[in-house]
Structures are given as structure tokens and as C-alpha cells.
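These notes concern the structure reproduced below.
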Amino acid sequence: MDEHDVVEAGTDLLFGDPKSVLKKIGLSILDKKQFEAIFVSAGKTVAEYEKDNTEQNDIRKILFCEETMRLLANEIRKSNSFDWLNDLDRCVNDLLSLSELDSINKARCKKHFEDIVIYQIKKLFPQRYGSYCLGDIHDNVNSLMASTQSSNETLNKILELMSQNDGEYNQKSPTTHEDWQDKSSYTLLEWHLERVEVDGIFAHKDSYTDDIIKLTETWQKERDEYPGWYIIPYNTAVELSMYTDENGLLQKHETEDIDVMLDFAYELCWRRIKTMLPYSEYEVFHLRQIWDKYYIKIKENAGGSDKIRKWFYIGQILLSDYRESMNWNEWQRLMDILIVYQESGNNGKVDLMIERAKACYFKLDIPSLRRELDQCDIPEECYEQRLLVIGLDLECGKLEESLEKLKQLRQDLICKVDENNENYYLKSLEASVLQLLSICQQAYSLHKGKYEFEQMGIDEILEEIDRKKEFFNWESWKNNVAKELFNHCVDNQFEKETFELNRSTVTICSYSRSGHAEGYQLYKVLEKLGIPFKCGCVTVISDMELSLISSICDIKNRLGLLLLVRCSSTGTIEKLVNRKFVMDLESGYIDDVIDILINAIEVNIGEIIAMGNGFPEYLAGHIRENVPILLQRFSSRASERMQKKELQFIQKIMSYRNIPPRFEVTQLMDKLLRQISERMKVKLLPLMMETEIVEQVTMHSRVDGSNGIDIFDCYFNKQGLDTLFEEYHVLIDEDVINWLLKDDWKSDYEWKTKVVRLKILDEYHLLSTKQHDEYVKLIWANIDEKTQLPKLTGYYLWVYETLPYIDESIPKLSVKNYFITYDIATDSNDLYLKQLTLLCANVELGYWNEKEVLIILNKISKYWYKIAENTANIMFEDNSRKAVYAIAAMLENCNSMISDEAREILIKLAHEMNEKGIYTKCFDIFILRDEQWERDVQENIFAMNESQSIDSLRAMEKYIKRYPDSVITSEMLEKIVELIELRKEPGLLSAIWILHNLVYAKNTVIDTIGIERIDRLLFFWAELINYDNAAMKDIKHCIELRQACAALAFRLFDWKTVNCGKGVEKWREICKSSDEANEVRNQWIW
């Protein structure tokens, strides 16, 4: 606060409303972190314009980089509180005048940058901004300045009186801290910090050395006066971060003496370590440059011992940052060098041992972590390092052992404090140890089932924590960070302004102290305490876990990934790693993540098997629970290279024996296979056929009571892949086929797995005639006595009709017998309806005769009347629609050749269904079709009721296929295209799929609307349906629409390649892009 601001504040305190003080104070006293965040955010927004990805883009990124924005913010803070807007305009002009941006870009950048800054200032200080805009601020200044002298004198008298009254108390108690939520008061040691005013990078180049030395000397003096906290108090950390600004001088190592720069970098790093704030890419880059340059000097035997100690310290900081960024190449290079000089650091050898263990933890490699910890020989006096090792032991599940070590560590610290009662560091460390001791004691008591017995001891630890808050206050850290994270989440809800320039997304790892940094700070506090997110059954920050991990993901996404694996709730993953989150990531990062997750399961599979079905209390349990969920979600963007690795991973994981049911390996396999392209599956089919047959038991059995599934139960998502088989010349090893044909199966599961694999080979003509005959014998070698069908548990009944058979009557009679004898009305099993619908769609026309249709129709009718007794049931509408679709499928199969009795039943059923709001247009076409019906379905597709619109579209599709030459068919097809052109919802997705189905069937009715028109629609939709326009809530629908368009484009390409235009070609290019979702990409099969 400058003198002018003090005078203004004093005047208001003496003569006005005290509440108006904040309104009168100029922007120069605006909290530094908040003020800088405004400029950094505005600069980042302008820097990330997407206009062209040319030199203009690169210039914007340099001009509006984070460091420049911080320096600009500090320059504006020095301005007169009433002239800040003019100074802002002048500084931005100066910044842009030196650049090579074209004039239009300069004007736009200036306008948008200043608009954002002014908007944020207006939001934070509306009264201040309003006064400026009204033009009366100068009058206020003149009136206040007239009384400056008297007000200043009066204020000084008041301050002097206050100082006299409190002098005695201040001598005894330098600082009293009152937590914002915890109202207990306690004493904190005083640590005097001061702001060092230097011009930094804006100064003349001759002043750089003086500024660097000035900062270094001041910071060294403050380091020497450091009270000794193990973990700095939150408010002190905030103050220290405000007074730690290198002002762009870190990059001056090219011109400044390397010894001077090393001292400067060391002091900067020491302060940053204490504040526990993240390093920006700019800082890491220049710290590494300084470190490398001094390493050259060390190799020339020109470095002093104290300088080497500082150099080693900076190297440790870089190691930590590379580890958190998972930049393992750079991490290993530095580690190899630092090991040579480990005796030069303070506890260098011990610290590097712990760093290697942490690296294993970050790699999610528990076996290697155990080996590293076993090799950690920590001297007794290295108390801090002992605490860190105990924390890592906890991650390995060594709860009881860690508890004993903690008790011994605390006892050693107490003895050491008794010897030296003035050592504030040891007192602070002992207070910190209590935090982990409390959590471990509670976890151990719960684990042993004697929490009540141990309650007194736990309460004693908690009381001791409360008494020692002056040395470390966990609640203060937690509550203040929670408040900042909440504010950050609220700020993110403000709608961002749009700009004329198209923008290109560029991932920039930048540090902003607004929610992001505080979240990272709390993570570092937990790391120093050795506390995991969850210890046994005890969670530490479950109430703020989501916001904490989200904030860290924004600045250090690989560290965020580790925390997602370690989080205590799968709900955190489901909320954070949603469709929008995954689609916004770079493809390279996606591949890295998938690689990490697959490796985490492979290297820890022994740990997962060993822990059985135990609850996820430590790292192995969280890998078992969380990694599969993360892998499923990130796999929606997996590249072809990673899809290949996923298939190889599936083969490996499905071959393991004794995998506990709680590890849902079959569910993971199923979800991954859905995201892998048919091309890759065909390509690796010979390898996958060699997969060992092992039944993987899951926690939940299938609907029909079966349990395990094989890879090939869900391998291909599409049919008709002959073109791919020919392209890759797929051949299966004869030994593999003979192994599958061998009649030596020992269980129904092994038999079924062999049959399913052979079924695929037979469908694509990979079996010889002799092998085919042996395959048929194998199918009918294991028959269910009740159904007289092969024991292919888990398969729909229509599959049996597609199997080769010995006696053709066997499958048909058995399948029909199920539908004719099963009492759906009694069991209320809607699976019957789905089975019937699929069967009718996959067997030849005329499968059902009149008598059979009547029997089944009576069963469905009774079923519907039963569920209609309770229309309030949430499943009533859904099950009613299933009944409608099943009836329609059956009528279509029998070509509406039904008896009069059946017709009467249908007419009555349709009438009563309509009365209850169930639309029956799908089967009305077979019994009630007339001109009124034709008009109704064409009108109803534009209805706002989803069921009415979609059911009418389904009815139109059936009509078009049934009467392709009708004039009404052309009208209906025109209406469907019109709905697509109008982007009408609901119904849009169904309409696109109807066009796809017609093209897939190569129905010439498509010619009535023309291939060119569909092509234009596809081109239009490629531009319109994009992820940038999709909000969080409709990103899934956006993917579904793009999936339908890609499928339609591919089928057009496959059918009428010559007639395809820009629309089809556009979708072909989209499906090649690594930025596209795999559900969309995989629609383009070849």
C-alpha cells in the first residue's frame, strides 16, 4: 500500500463509514495473487486464439506468456490508483508496438485483452470502476487530498496510541493467529518478510546484475531468519509467495555470471519449496539451463563446495518436477549425474534413495517400490526422511509395521526436543508426525475391530494435535485450500466471452494462484506428511477430493492421473474423467496415459491376485479398483498403436489364473474391445486365437446364471468383414485349429470357448471341409437335456439358428418351443421380448406360422395387461415399447399373414395401448394401415414427444422397406431427410440411422432422394456437429450423431463409391483423425 492509499484509508476510518474503506483503496493494494491471476488468465485467453497456427499464433503466445503477464500486472499495481486504466492502455500499446503482429491482430488482441481485464476488475471492484466511468473520481481525489495532511497526522496519532497500549503484549507474543473456521487462538513465531522493489526485465540491461544481487541478498537474509517450520503455516505461505518474484531475471543466465545466477536460483528455489507452489515450464527450463552450465564448471573442477551443495539442491528440485511430469528420460539423466555427487548434498544419499522409491510409486510399480524401500537405510537422525519412508510403506499396505515405526519416530523426536528445547524445526516435525500417527492408529483400530478399545488413545493423539497447532495446523491448511477450491469452481461457472478470431487449443502448463495452486499446495503438504488419500478405511480429504484432483489436473495432468488412481472413490473418476474431459485432451497424452495404466495392471497383477477380494485400502487395491475404470474411459481415444497394445494386454490378462472376482477383468475386456477397430482385431486374430482358455470368475453372474466369458464372446462388433480378412490374408496356425477341435474339454466353459472361436473361423471360411465337419460334431457334443440345444450359455436364441447342424429340425423346434411354452405373463421377464425381436430380425421370412403367431401374441397380450395394472411403475413405458417392437418384428417376419382372431387381439391391444400413451404405429402398419395412418406417421415424426417421434420413424422405416415402390414411400423418405435438415430433436439420431440402414441394405429407394443430397447433408453435419459446440451434458449425444454420420458415410462409400462427393470424403478424413472418438472412427471399417 502506498502513502496515498494509507491517507485515503485513514480518512475513511476517521470520518466515514469503515465499510467504504475497501472501495476507496486503489488497485495498488489488490491482493497480488488475485491481481496477477486476472492478467495471466486474460493473456492465456488471447494467446490461444486459433486463427491459423502460423507465425501470428506463435507471436501471440510469446507476447502474452505467463511471465510477461505477471510483470505487466506488477507494473500496473505500481500505478496511481486512479490512473490504472490509462496505464494499462499505455503498457499494452508498448507491448504490441514491439511485435510483428499485423495491424488487425494488434487491434483485436489489444481490445480483447483489455476487455477481459476491465471486466474482471469491474466484477471485483464495481464501485471503483463505476466512479471512474462516471468521471467524478477526480473530484473525489481533490477533496480527499485537501485533507491529506490532517488525516495523516490523526491516523498516525491513533496508530501511536495503539502501539503504546499493545507494546507490552507484542513483546510477549509477536503474532497471534486465529483460524478462519477454528476459533482457537495460538502463537506463531514472527518471520519478517519484505517486498524488494526491482525493475527486473523491464530495467536497463546494465541493472540486471544489481537487481539479481539485491534479490539474492534479501532472500538469503530472510532464509537465515527462517523460524524452522517443517511445513510453513498457510498464511505465511501466501505472504511468502507474494514476496517471491524473480521478475523475469531467471532467464538472464546467458549474460550474467553463472555463480551469481546459481546463488539467485538457489534462493528462489528455497522459497518456492517452502511455499510448495508448482513450477512453471518457464522456471523449469531456465533452472535446468543454470544447472547444466554450472555442471560444466564442476566437471572442470572449478566449483566450490558450497556452490556444489546449492547446485545439488536445485538438481533435486528438477528431479521432483520431472517425476511429477513423468518425464522419465530427463529424470534418469539427472539421477545418474546426482548420484555421483550425492555426498555434496545435505543428506544427499538418503534423499536420492527416497526419490528413487517415489519414482516407483509414480510409475505405479509396487514390486519395485518394495525393493527400493527395502534398500533404504535411513540414519536415525534423518527424522524427516524416516517420515517419508513410513508414508511410502503405508502405500504398500504395511499398516502395523508403519504404526510401530511412527511411534518410535515420535519418541525419538520427543527425546531430541528435550535435549534442545529451542529447536523449532523438531517441534514442528513432531507435530506433523502426529497427523499421520492419528490416521494410522484409527485405521489399525478399525482393521482389528477394536476401535472402541483404542478410542482413548486416539483421543489423546487428537488432543495433542490440537495443543501443538502453533507448530503445525492441518485444519488451517485444509480449510483455507477448501475455500480457494470452492472459489475456483465458482469462477469456472462464469461464461467465457467469444471472439471474432477462430481459436486453436494449445496446452500450456501455466501456474495461476487461484484454486489450481492451492490444490497443488495441499497435495505437497500431504506428501510431506506421508499421508495417502486413504489409509485403511480412513479417508483424509474425501469431501474435497474431486475439486483438489481437478485443480491439479489443470496444471500437472500426469500428477493428476496418479491422484485419480489413488483417489478413495470411483465417483471422483466418473465425475472428472467424463466424455468432455477426454475429448479435450491431446492424442499424445492419451496414448501415454493408456500406456501407464496398462503397465500398472501388468506389473502389479501379482499384488492384485495376492490381496484377493479385500477392500481397496492401499495402492494395490486402488489400482485394482480405479485403473480399469480409467483405462475404459481413456481408451475411447486410443490410437491404432495403443489399440494393438490393448489387444495384447487383453490376451495376457485373460490368461492369468486365480484373478480375484473383485477385479472385473471380463468387464474390462468387454469395454476395451468395444473401442478397438475391427481392422486391428482382424489383423491380430491369429495371435488372439492362441489365447489360453481360462475361466475368469466375476462378482456378478450373467442373467442366465453363467459367469465367465471368453475374448471371442464379444470380439467383433460388426459382421461382414470379409474384405478385411482378404486384405490381411488372415491364416490361422493349423496347430491352433487342431487344439480347438480336440475333443478333450474338461468343462462346459472350455467347450463353449472352443465352439465360439471355431464359429468365427468357420464364418470367414478359415476351416477346411474336414475341419468344418469336426466343428459341427463338437457343437452338438454337449446338449442341454431340457432344451435339446448346445450349452452356449449367455447367447441369444437366434444364434442357434445360425449354427451348422446335423438335423435341421433340432434347433428350430427347440427355439420355437421356448417361445411357445414360456409364460412371460407369470415371470414378467422382458428378456423374452428382446429374444423374440432379435430372432425375427435374424431368421428367414416365414419362420412363424399363423398358429404360432397367435399363441405368442396371446402371451405378450397377457403380459402387457398385467404390467398395465401399474402404469406408475418407472419401467411401464419402456417394457410396453419392447412389447410393441416384438409384435412388429413378428408380424414383419410372417409377412402379416395372421388369423382373424390374432388381428382382433392386435386391434384391441393397439387401442388400449394408445389410451395409456403407448404408440403402436410400428405394428399398426400390418393391421390398420390406411391414408390416415400414413398422414399421422409423417406428422408425428415432428412431435416433441420422444416416444411418439421415434416410434413413428420406426414405423416409416418398416413401411419404406415393405412398400419400396409406393408413392407414399417417396413422401416418407422426403420427410425423414427434411427432419435431418431441420436438425429436429428428438428424432434426429434415429433418422440418420434409418438412412444408414437403407444404404446398408442397398435399397434402391435411396435413389429417390439422390446420393448427392445425402452427401451434401453429410458435409453440412461434419461442420455443424463438433465437440467445440457440445456442452458437457450433450457431449455423448454429439458423439452418437457423429457415429451415425460416419457409419452412413462409410456405407455410401462401400456401395456407391463413384457417386460419393465431399461429404463422404470429409467423414473419411474425420475417421482418420487421432482427435476423434473411437466410436466414430471405428465406423469406417476399411
Only one of (1) part of a helix (DSSP H, G or I); (2) surrounded by 18 or more Cβ atoms within 10 Å (Cβ to Cβ) does not apply to Gln1083, and that is (1)
Qualifying helices (runs of 4 or more DSSP H) (wholly inside segment 47-160; at least 1 residues being modelled with pLDDT of 60 or more, within 28 Å of Val198 (Cβ to Cβ) and not aromatic (Phe, Trp, Tyr))
55-63, 66-77, 84-97, 103-124
Flagged in segment 290-302 as crowded, with 17+ Cβ neighbours inside 10 Å and either in contact with a His (Cβ under 8 Å, 6 or more places away or on another chain) or of a type in the set (Asp, Glu) (or both), in numbering order, are Ile290
Quick check: is even one residue across segment 755-765 surrounded by 13 or more Cβ atoms within 10 Å (Cβ to Cβ), at positive phi and touching a residue at least 40 places away in the same chain (Cβ under 8 Å)?
no
If you scan segment 382-416, which residues turn out to be over 21 Å from Ile458 (Cβ atoms), in a helix (DSSP H, G or I) and under 38 Å from the mean Cα position of the chain (by Cα)?
Tyr383, Glu384, Gln385, Arg386, Leu388, Val389, Leu392, Glu395
For segment 353-377, name all the residues that are surrounded by fewer than 19 Cβ atoms within 10 Å (Cβ to Cβ) and over 30 Å from the mean Cα position of the chain (by Cα).
Arg371, Asp374, Gln375, Cys376, Asp377
So which residues in segment 394-406 are surrounded by 21 or more Cβ atoms within 10 Å (Cβ to Cβ) and among the acidic types (Asp, Glu), if there are any at all?
Glu395
Out of all the residues in segment 654-667, is one or more more than 20 Å from Glu692 (Cβ to Cβ) and crowded, with 20+ Cβ neighbours inside 10 Å?
no
Scanning for something outside the structural domain of Arg679 (by TED's automatic domain parsing) and in contact with a Ser or Thr (Cβ under 8 Å, 6 or more places away or on another chain), does segment 1065-1072 turn up at least one residue?
no
Filter result (under 19 Å from Tyr749 (Cβ atoms), among the aliphatic types (A, V, I, L, M) and not in a helix (DSSP H, G or I)) within segment 648-680:
Met654, Ile659
Quick count over segment 424-454, residues being within 27 Å of Phe471 (Cα to Cα), hydrophobic (A, V, I, L, M, F, W, C) and more than 36 Å from the chain's Cα centre (by Cα), is 1
Among the helices (runs of 4 or more DSSP H) confined wholly to segment 222-317, which include 3 or more residues that are more than 35 Å from the chain's Cα centre (by Cα)?
258-275, 281-299
Identify the single condition in (1) more than 34 Å from the chain's Cα centre (by Cα); (2) under 18 Å from Tyr885 (Cα atoms); (3) surrounded by fewer than 15 Cβ atoms within 10 Å (Cβ to Cβ) that Ala955 does not satisfy, given that it satisfies every other one.
(3)
Of all residues making up segment 899-919, the number that are under 16 Å from Lys851 (Cβ atoms) and either in a helix (DSSP H, G or I) or modelled with pLDDT under 85 (or both):
7
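The values are calculated or read from the model by the stated rules, or taken from the named source; none is laboratory data. Here the structure is a predicted model, which is why all the values come from computation and not from measurement. Quick reminder, even Gly has a Cβ in these numbers, built from the backbone with ideal geometry, and neighbours come from all protein chains shown.
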